[in-house]
Every structure is written in structure tokens, then in C-alpha cells.
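K.L.:
Mind looking over this structure? Questions follow.
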Amino acid sequence: MKLPPYFAYRDGALCIEEVAASAIAERFGTPTYVYSKAALLRAFDAYQATCAARGPSGGAVVCYAVKANSNLAVLQLFARAGAGFDIVSGGELARVLAAGGRADSILFSGVGKSPDEMRQALDVGIGCFNVESLSEARQLSAVANAAGKLAPVSLRVNPDVDARTHPYIATGLKESKFGIPYADAVSAYRAVAALPGLAVIGVDCHIGSQLLEVAPLMEALDKLIELIDALAAAGIFVGHLDLGGGIGIRYGDEATIETAEYLGRVFERVDRWRSERHDGKPIRLLFEPGRSLVGNAGALLMRTLVLKPGPVRNFAVVDAAMNDLLRPTLYDAWHEVVPVRSDAGVPALQWDLVGPICESGDWLAHDRSLALAEGDLLACLSAGAYGMAMSSNYNSRPRAAEVMVDGQSLHLVRDRETVAQLFAHEHRLP
Ligand code: LLP
């Protein structure tokens, strides 16, 4: 078993950076999400260092996809490191601003934005709206005109490439709800360019998530390049090309894309195209990574409540559940689960790790060989992306605490919810 960077066993005790996972569970209880600050910064730097080295070719900007993990401390860390942000709601907009992110570094993605959300984003002066339909463009034009503002827009184009990932997280095929069909893109740009209150500044796409191959991304890049040429021929000039997010991470034994290698290939392709067809004129490149910045930096700590060996399966009921980590049941996702102490005094058995929720779908891992006793602590790894962000209060379960480790220091970055908070906004009938 290969642990993610900054996770290691020392004297049989699982540590995150310099802190024992058991000490975190002791102090903050379980279930608790733990993030390594160094791992977050290392993942960001893999993008940032390559982007910074790009020099004067128009620049490259990393816009963190907030949906992957929207904790304020995570956003603050990336804002301080120089990230822009990709948001999909007014809620995420407010979070980025509260965390100290710059409004003009924000891209607003998503297939449905309310007029209110459009107004809020215009008021603070975001960097770009990624518009997904002509209807949305018309609505945005009306909102911008009423507010006396000019909305910077890019059209999210659906390049119809197969990202070869889980169908729930593939977004770039013709049949998906996302983006403007590639064949309609030039005429859509023409229509949008003619709308008052909008300034066309870019093109963008996002073909899917947890991608393990560069080829589909390069295919999408080629299609966007072709589109930008067609737009230039039609007299429409854009200043940026946004390739979206999507780089996968290692949950188990997957071979993943190296960030620097992927960026290098994109830069090389774009620079060759610009020198051949645009006299070397620079174009800005944008990326919207989510999972690859935060996924391997986080773990979910949990405690074994009950062991229930059975005739067909052995169940270990833990205190984390599908409301804390939905990915296994929603996507059949595989997360490594490791003991917090590696030197248990009991023999290993095959266990199904399940939560206390009243659903058969409430499971975190199937068929894992673990030496388990009741009360033992476990860590579900690579849970930093789409873990806490997708959590809920199902079965009236308060959401987990979140802790960030920095060397030997611990920062509680979200309190564990209390039961009273769960119904604080409900009303009894008179
Ligand atoms: N940009 C846009 C427009 C997106 O829709 C997404 C993710 C991203 C960027 C970031 O993609 P990433 O780099 O994280 O792959 N909940 C699922 C993943 C859903 C992804 C949705 N869109 C999961 O847990 O696997």
C-alpha cells in the first residue's frame, strides 16, 4: 500500500505531516476530515510552478474548482498562493470573497445561473462568466444592461470527446447537458457577440473528471484551437482558452497524469499553433482543477462502533457514513482504508465497512482485509475532494469537523455541527 504524500506510519502510528492521526481523533472526535497543508500546497505548486515558468506567452492561470472542497481555510490557502477560482453558485462566490480571493480571478461556470447570482457576480466584478447556452447569454445580457455593466463572457463548448471516465462525471459528450454543441459554436458566438452588455473574451470546455489519460484533453484542446481559428475568421477574437479541470488522482493503483507533463504538452501545442497561425500572438490559458489539488491531501478519520461478523459477509459498522462520504455509494468509488495503528493484536479478516445509516447503500468500502477490534480508528484516504463538499445531514447526522495539519500544528477549520444547529432553521406549527 502506497500512502499519499505527507501521510506515513511512524512507530506503527499513522501520521499526517508531524501529527498522529490518533491525537486528532482524541482532540476533535470522529468522524473528522483531516487535510495536510503541505500536501495542498504541493499539489498547487505542481500547476503553479509550470504555469509561472511559461513566461510571456500570454500566461497561464490556475483557477481552483471550489466545488471539490470549499472550506474557507482551503480557499484562503490557495488564494494566498496566487490561485484564481472556478465557482458554480452565489454561495461559492461568497465563500471565495470571504476567504480573500480576488473577484477578478473568478470564473463563474455552471449550466444554470439565477439572475440574482448573475447580479452578485457583476457587482463584485468577476473575471468571466462561462456561459452554457444562448438563453443564458440573453438573460445575462438583460441583467448586465439593467445594472449598467459589461459582463465578460466565454462560451462553454461541448467538444464531443469521450473522457473515458465514470458516466456521472463525464461531461464532454454530445448527450450531456453541459455546454454548447461544438457544431453550433461559431453561430452561438456570433449571436452572443451581438448582444448588448456582453464582452466575449474566451472559449472554454470541461470534458469530465478523474481523467487518467491526456489524450482526450488534447483532443478537446485541438477542437478549441480549431474553434478559435474559425472565430478569428469570423472577426471574433478571444483572449483566453480555458481547458477546464479533470486530472485524476491515485485512489488505489491507478496510473495518473503528471500535472507538469500535461501542462507542458498543452503549452507546446498552443505555442506551436500561435506561431504558425497567429504570428506568435499570446493567448492566456486557464485551468480549473479541483480534485487534483485537494483529493490526496485529505482523509476521513472514523471509529469502529460495532463488529458484526456474519455467515456471508463481515460488517464493521463505523461512525462515518454515506452522509459524510457519498462517493462510494454514488459512483462505486474505491477509497483506501487504513488502520490508524498498524500493529493490531487481532487477526485480519475480510470486512465490509458500513455506516450507521438505514440504507443498504450506506457503505464506505467492500471486502477489505483489516485487523479490527471495536473502538479502533481507521482513516479513509484520498477523501479531500468531493468528500465534505458533498456531505449532508441525512438521518439527522451532524456534519463532521474539519482539521488542517500544518507541520506539528493543528487548526480546526470547521467545527463539528451540533444537533441543535440541524433544526435551528425549522419551525413548529403554531
Ligand atoms: N470545471 C468544471 C466546469 C467542472 O464541472 C468541474 C467538476 C471542474 C472544473 C473540476 O473538475 P476536477 O478537476 O475536480 O475533475 N463529485 C464527483 C466529481 C464531479 C465533478 C464535477 N465537475 C466525484 O466525487 O468524483
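K.L.:
Only counting other Cβ atoms within 10 Å, I'd like Thr32, Thr259, Thr50 sorted with the fewest neighbours first. Before the final figure, lay out the partial values.
P.N.:
Numbers: Thr32 25, Thr259 22, Thr50 19.
Starting with the residue having the fewest Cβ neighbours, the order is Thr50, Thr259, Thr32.
K.L.:
Just subtract the alpha-carbon distance of Ala234 and Ser409 from 0.36 nm times their residue separation and send over the number in nm, one decimal. Write down the numbers at each step before the final one.
P.N.:
Working: separation 175, 0.36 × 175 = 63.00 nm, distance 5.67 nm.
So the extension gain works out to 57.3 nm.
K.L.:
Expected output is a single nm value to one decimal: the length gained when fully extending between Gln421 and His166, i.e. 0.36 nm times separation in residues minus the C-alpha distance. What is it?
P.N.:
Details: separation 255, 0.36 × 255 = 91.80 nm, distance 3.52 nm.
Here the answer is 88.3 nm.
K.L.:
In the neighborhood of Asp229, defined by Cβ-to-Cβ distances under 14 Å, what is the net charge if each Lys or Arg adds +1 and each Asp or Glu adds -1? Numbers along the way, then the final one.
P.N.:
Values: positive: Lys223, Arg269, Arg272, Arg274, Arg277, Lys281; negative: Asp222, Glu226, Glu276, Asp279.
Charge balance in the 14 Å sphere: +2.
K.L.:
A further question follows. At R0 = 45 Å, how high is the FRET efficiency between Ala199 and Lys2 if r is their beta carbon distance? Nearest 0.05 is fine.
P.N.:
In this case the efficiency is close to 0.40.
K.L.:
Please rank Tyr33, Tyr262, Tyr6, fewest neighbouring Cβ atoms within 10 Å first, as an exposure proxy.
P.N.:
Values: Tyr33 28, Tyr262 24, Tyr6 19.
By the 10 Å Cβ count, ascending: Tyr6, Tyr262, Tyr33.
K.L.:
Along Cα→Cβ, 7 Å out, is where each label goes; now give me the distance between the ones at Ala94 and Glu18 in nm to one decimal.
P.N.:
Here the modelled spin labels are 3.8 nm apart.
K.L.:
Right, here's the next one. Do any of Lys177/Lys281; Lys67/Lys149; Lys113/Lys223; Lys177/Lys223; Lys174/Lys223 go past 24 Å between their Cα atoms, and which? Mind showing how you got there, number by number?
P.N.:
Values: Lys177/Lys281 34 Å; Lys67/Lys149 27 Å; Lys113/Lys223 26 Å; Lys177/Lys223 19 Å; Lys174/Lys223 14 Å.
Beyond 24 Å between Cα atoms: Lys177/Lys281; Lys67/Lys149; Lys113/Lys223.
K.L.:
How large is the charge dipole for the chain, taken about the Cα centre, if only the Cβ atoms of Lys, Arg (+1) and Asp, Glu (-1) carry charge, to the nearest 20 debye? The partial results should precede the final answer.
P.N.:
Numbers: 40 positive and 49 negative charges, 140 e Å.
With only Lys, Arg, Asp and Glu charged at Cβ, the dipole is about 680 debye.
K.L.:
Ranking Ser396, Ser36, Ser70 by Cβ neighbours within 10 Å, fewest first, what do you get?
P.N.:
Details: Ser396 9, Ser36 26, Ser70 21.
By the 10 Å Cβ count, ascending, the order reads Ser396, Ser70, Ser36.
K.L.:
What full-extension length gain, to one decimal in nm, is calculated for Ser114 and Gln350 as 0.36 nm per residue of separation minus the Cα-Cα distance?
P.N.:
Working: separation 236, 0.36 × 236 = 84.96 nm, distance 4.87 nm.
Gain on stretching Ser114 to Gln350: 80.1 nm.
K.L.:
Something else: Work out the FRET efficiency for Arg269 and Lys174 from their Cβ-Cβ distance, taking R0 = 30 Å, and round it to the nearest 0.05.
P.N.:
Values: r = 24 Å, r/R0 = 0.79.
So, using R0 = 30 Å, E works out to roughly 0.80.
K.L.:
Here's a follow-up. Classify region 38-290 as rounded, prolate or oblate, taking a ≥ b ≥ c as the square roots of the eigenvalues of its Cα gyration tensor: rounded when a/c is under 1.5, otherwise prolate if a/b is larger than b/c and oblate if not. Working shown, then result.
P.N.:
Details: a/c = 1.41, a/b = 1.12, b/c = 1.26.
It is rounded, given that a/c, with a ≥ b ≥ c, falls under 1.5.
K.L.:
Kindly provide the helix-only [θ] at 222 nm of the chain, computed as the sum of -39,500 (n - 2.57) over DSSP H runs of four or more divided by all residues, to the nearest 500 deg cm²/dmol?
P.N.:
Calculated mean residue ellipticity at 222 nm is -8500 deg cm²/dmol.
K.L.:
Of all DSSP beta bridges located in the chain, what percent are antiparallel, nearest 5? Walk me through the numbers before you get to the answer.
P.N.:
Values: 33 of 70 bridges.
The antiparallel proportion sits near 45 percent.
Rule-based calculations on the coordinates, nothing more; no lab input. Note that this is a predicted model, so its numbers are computed, not measured. Heads up, the Cβs are rebuilt from the backbone with ideal geometry, glycines too, and the neighbour counts pull from every protein chain shown.
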